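Below you'll find the structure, written out as structure tokens, and then a few comments.
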Amino acid sequence: MSALQPPIEDYALLSDMRTAALVSKAGSIDWLCLPRFDSEACFAAMLGTPDNGRWLLGPAGSAQTTRFYEPGSLALVTEHKTDTGTVRVEDFMPTSEESTRIVRRVTGVRGQVAIRHEWVLRFGYGDHHPWIHRVPDHSDLGADEMLVATAGPSSVLLRGPRLPRPKGHVHADEFTVHAGQTLTFVMYWWPSHLEAPTPFDVARARATTLQRYRAWTDRASYHGHDAEAVRTSLAVLRGLTDRDTGGVVAAPTLGLPEQFGGSRNWDYRYCWLRDASLTLSAFLQCGYRHETRTWRDWLLRAVAGDPGRMQIMYGVDGRRNLTEHTVDHLPGYAGSQPVLVGNAASGQRQLDVLGEVLNALETARTHGLAETDDSWALQVALVEDLVQGWDRPDNGVWEIRGPARRFTHSRAMVWVAFDRAVQGVEKHGLTGPVDRWREVRERVRADVLRRGVAAGGYFRQHDETDEVDASLLLLAPIGFVPADDPRYLATVAKVEEDLLRDGLVLRYRTGSGIDGLTGDESPFLACSFWLVQAYALSGRLHDARALMDHLLSLRNDVGLLSEEYDPHGRRFIGNTPQAFSHLAMVNAAATLTRASR
């Protein structure tokens, strides 16, 4: 890892539910895509150096730093204590404005503190230097000028009482903040062919943003185990949901490696149907229905057309073309290359996805969300397409880049797809060829129990191996088998034997060569939460509680989780914050609560 790149766990999330910024403990925003989650980055120091773009506003020297989110929100408060004084930095992205803005407010608390201010804007994932000029400013932030940067379709401006000056290719400044003094800096994005946005009331925008977040998180009906951790994860999942389209991104980042220095460096800034469906299930468990309706409308738009061509992921706006390519000018986090933009997995066949979608929509129906003619017609078309193709090999939940296989988890989720469609008819009075669906459902189940069980009596990863896979821990939570089924209990034991690494769960053994990739990876946090569910459902409540406590202790100082965790280096690995990890935590807490009762 480069000394210039902080540990992944040092980053906190800011979001306006259109895009997201990641800010380090030192006060450097090292990642920001504009204007949308999956747009090109204009701050990309996280995957390179400060010259690839960042916005630093923090102590010029060493400091002791503490941070927290305002309760129920993603408004960040950071306190830096130095030998000479203390300052507080409040960072947030208003959710009430038409275009993306980032507000950074520095307040002197005690004594005086020297502040370093650097504004390095680089469009094109840190490669394009914009044209920057100073123009008159008539806002109430205490300056006569503002900085305006333009490159192609995007313009960004910086307002504040003291603007940094050009020093080579960097705009930089250093100033002292005294106790009782407050300086507010605001960055705006807008399409470069339009007029610059007008100033806004920062104090009112902050109050409105906090009120909106808290009004949403306060609606949560969950009051079980680990309620505060659940509340934080719900806010993170909310922050990863696009407020305009309803799309849910898997993470706001790309290129953060699954092995430092390795090649498993994927782009997660897209909407996986699986991850979004599981997020909706987590929301529904906590009393949220409006989000499900919004996402269902997004799904109808994205999947519209031939059901046989449904993708497993889409862009935030529902676009299909997510062609994968390398960004060669970025050295990568910890030298991890290639840095990939786009995701080739968008063209894969992953048969589990439709099961996740139909399970979430059946859960929504159970919670009172009525189907429309269009929404149910789409589900019928998707299930009918699955009738013809359910027996094909696929790439599985882990997006294997090796040969397609008959993965046991995928086929169990095919059973879920038919089962939830049948429930739509039997429980909710919807219409469809239910006799055919029942017949295929039973055929799929018999096939899984015949091909998917190893000689050792446990469920296996696919029908050509005796390897085990962490996704098999989900067979009881999805209802394919009861938690006391001997084959399921044997699977849990086999996962403990083969996939536990320092108390955390691997997805599968990479040494088997199943994924067609080189290198290794660390334990996958969502899989460890699945083991919590397996313990809870099978009556091992003490083990479930112990593992849950351990997992919650791995969150960073503001409650975030990445994709994976390195137990040896005690560090986050992979893209962050990861929706899969946070939704798995919510589901594990809910399962543990129900099992305890």
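At-a-glance table
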| read-out | value |
| --- | --- |
| Candidate aspartates and glutamates - alpha carbon under 19 Å from K494, same-chain residues fewer than 8 apart omitted | D463, E464, D466, E467, D469, D484, D485, D502, D543 |
| FRET efficiency, E464 to L541 (Cβ-Cβ, R0 22 Å, nearest 0.05) | 0.05 |
| Kirkwood Rh in Å, taken over region 216-338 so that all alpha-carbon pairs contribute | 16.1 Å |
| 3J(HN,Hα) from dihedral phi, region 33-44, Karplus parametrisation 6.51/-1.76/1.60, rounded to Hz, x for glycine, proline | 10, 10, x, 9, 3, 9, 7, 5, 7, 10, 10, 10 |
| Distance in nm between pseudo-label sites at D51 and D435 (7 Å out along the Cβ direction from Cα) | 7.3 nm |
| Listed residues A282, Q461, A526: farthest to the positive end of the dipole of the chain (Cβ charges) | A282 |
| Simple Cβ-charge dipole of the chain, Lys/Arg +1 and Asp/Glu -1, about Cα centre, in debye nearest 20 | 780 debye |
| Degrees between helix 408-428 axis and first principal axis of the chain (Cα, 0 to 90, nearest 10) | 80 degrees |
| Under-5 Å amide H pairs with F524, H placed in peptide plane, nonlocal only | V505, L506, R507 |
| Of the trypsin sites (Lys or Arg not before Pro) in region 381-460, those whose Cβ has at most 15 other Cβ within 10 Å and which sit in DSSP loop | R401 |
| For A143, net neighbour charge (Lys/Arg +1, Asp/Glu -1) across residues whose Cβ lies under 11 Å away | -1 |
| Charge dipole of the chain about the Cα centre (unit charges at C-beta), most positive-ward option of A63, G396, P166 | A63 |
| Value of relative contact order over region 179-294, rounded to a whole percent, pairs C-alpha under 8 Å and six or more apart | 20 percent |
| Region 444-483 - convex hull of alpha carbons, volume per residue in Å³ | 71 Å³ |
| Cα-only Debye scattering, region 106-194: base-10 log of I(q)/I(0) at q = 0.10, 0.11, 0.20 Å⁻¹ | -0.29, -0.35, -0.98 |
| Eligible lysines near K81 by straight Cα distance, threshold 18 Å, same-chain separation 8 or greater | K25 |
| Å² per residue, accessible surface of the chain at 1.4 Å | 35 Å² |
| Relative contact order %, the chain, counting alpha carbon pairs below 8 Å whose residues are six or more apart | 12 percent |
| Portion, in percent, of the accessible area of region 300-340 that falls on carbon or sulfur, probe 1.4 Å | 48 percent |
| Loop-located trypsin sites (Lys or Arg not before Pro) in region 303-367, at most 16 other Cβ atoms within 10 Å (DSSP) | R319, R320, R349 |
| Nearest-ten-degree value, helix 486-498 long axis tilted from longest Cα axis of the chain | 40 degrees |
| Folded to 0 to 90 degrees: helix 273-285 orientation relative to the chain principal axis, Cα | 90 degrees |
| Backbone HN-Hα couplings from phi across region 353-369 [Karplus 6.51/-1.76/1.60, Hz, Gly and Pro as x] | 4, 5, x, 5, 4, 5, 5, 5, 6, 5, 4, 5, 4, 4, 8, x, 7 |
| Share of carbon and sulfur in the accessible heavy-atom surface of region 467-506 [1.4 Å probe, %] | 51 percent |
| Longest segment of the chain lacking GluC sites (Glu not before Pro) that sit in a DSSP loop with at most 15 other Cβ atoms within 10 Å | 325-463 |
| Computed lengthening from R594 to S96, 0.36 nm per intervening residue step minus Cα-Cα distance | 175.6 nm |
| Share of alpha-carbon pairs per 20 Å distance bin for the chain, given as whole % | 20, 54, 23, 3 |
| FRET efficiency, 1/(1 + (r/R0)^6) with R0 22 Å, evaluated for E195 and H138 via beta carbons | 0.95 |
| Counted charge near A589, where neighbours are those whose Cβ lies closer than 14 Å (Asp, Glu -1; Lys, Arg +1) | +2 |
| For region 242-314, convex hull volume per residue from C-alpha positions, Å³ | 106 Å³ |
| Added length on full extension, which subtracts the Cα-Cα distance from 0.36 nm per residue, R320 to A203 | 38.2 nm |
| Over region 526-590 - Rg/Rh using Cα atoms and the Kirkwood inverse-distance radius | 0.97 |
| DSSP-loop chymotrypsin sites (Phe, Trp or Tyr not before Pro) across region 531-597, with at most 12 other Cβ within 10 angstrom | none |
| FRET efficiency, 1/(1 + (r/R0)^6) with R0 30 Å, evaluated for A344 and V387 via beta carbons | 0.60 |
| Heavy-atom accessible surface of region 27-146: percent carbon and sulfur, 1.4 Å | 46 percent |
| For region 87-93, Karplus couplings with θ = phi - 60° (6.51, -1.76, 1.60), whole Hz, Gly/Pro x | 10, 10, 10, 10, 10, 7, 10 |
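The values are calculated or read from the model by the stated rules, or taken from the named source; none is laboratory data. What you are looking at is a predicted structure, and each value in this text was computed from that prediction instead of being measured. With ideal geometry, Cβ positions are generated from the backbone for all residues, glycine too; neighbour counts draw on all protein chains shown. Heads up: the accessible areas ignore ligands, DNA and RNA and are worked out on the full protein's heavy atoms, side chains in. Shrake-Rupley method; radii C 1.70, N 1.55, O 1.52, S 1.80 Å.
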